[in-house]
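One structure is given below, encoded as structure tokens.
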Amino acid sequence: MRSRLATRSARLALAAVAALALGGAATATATADSGSSTTQPCATSDLNFKVTSKTQAGGYYLITAKAKPGIICHLEGVFPSASFGSHPDTEVSPAEHGVSDDVVLAGSAAAYAGINPKSTNDNNGVQFDRLHLSVAGDEENSVTLRLPDTATVDRPIATNWHADPADAVPFTG
């Protein structure tokens, strides 16, 4: 029995070393006694964010999140906490109905979420040039990001965090 546990620990250690050798983009801390791999959840202050305007799906903002140097963490596969102003009508709602896979951030690895500021097909809306953003559950530490252009906001929606930017396109129904 003891040799079986040692073999499992050795495999975990080898997997962790292999992950580091393959670029260090996704690193986990292996615990020999539990046989599981874990990283700490990302806090808003652990990340650098970038906002890019995209034209696909009627236009949306692609949010790119990367861990700051020396940080290894994971973003849960839920939508970010975001709003364009302080009024509840400017808070984003989920564009997806399920939870996506967690995204591990370290080094050059990135997570992506798409935010469509206007999910309606009318001329209503209020214009904003900034987005307030935080990791879900860390709303007290939100950051304010300048948008690349002025957004007309009416019932905004956001995708979950994804490892592939192609999965972060917020299609409206």
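General observations
- Excluding same-chain neighbours fewer than eight residues apart, the aspartates and glutamates reachable from Lys118 by a Cα-Cα span under 20 Å are Asp89, Glu91, Glu96, Asp129, Asp149, Asp154, Asp167.
- Accessible area of the range 28-173 divided out per residue, in Å², using a probe of 1.4 angstrom: 53
- Rg over Rh for the range 48-155 works out to 0.96, using Cα positions for both radii and the Kirkwood form for Rh.
- Modelled label reach - Asn124, point 7 Å along Cα→Cβ, the range 145-173 residues with backbone N closer than 17 Å: 152-157, 173
- For the range 118-133 versus the range 39-88, the gap between their alpha-carbon centres in whole angstrom: 18
The values are calculated or read from the model by the stated rules, or taken from the named source; none is laboratory data. This is a predicted model, so every value here is computed, not measured. Methodologically, a virtual Cβ is constructed for each residue, glycine included, from the backbone with ideal geometry; neighbour enumeration extends over all protein chains shown. Areas reflect the complete protein model, heavy atoms only, side chains present, ligands, DNA and RNA absent. Shrake-Rupley method; radii C 1.70, N 1.55, O 1.52, S 1.80 Å.
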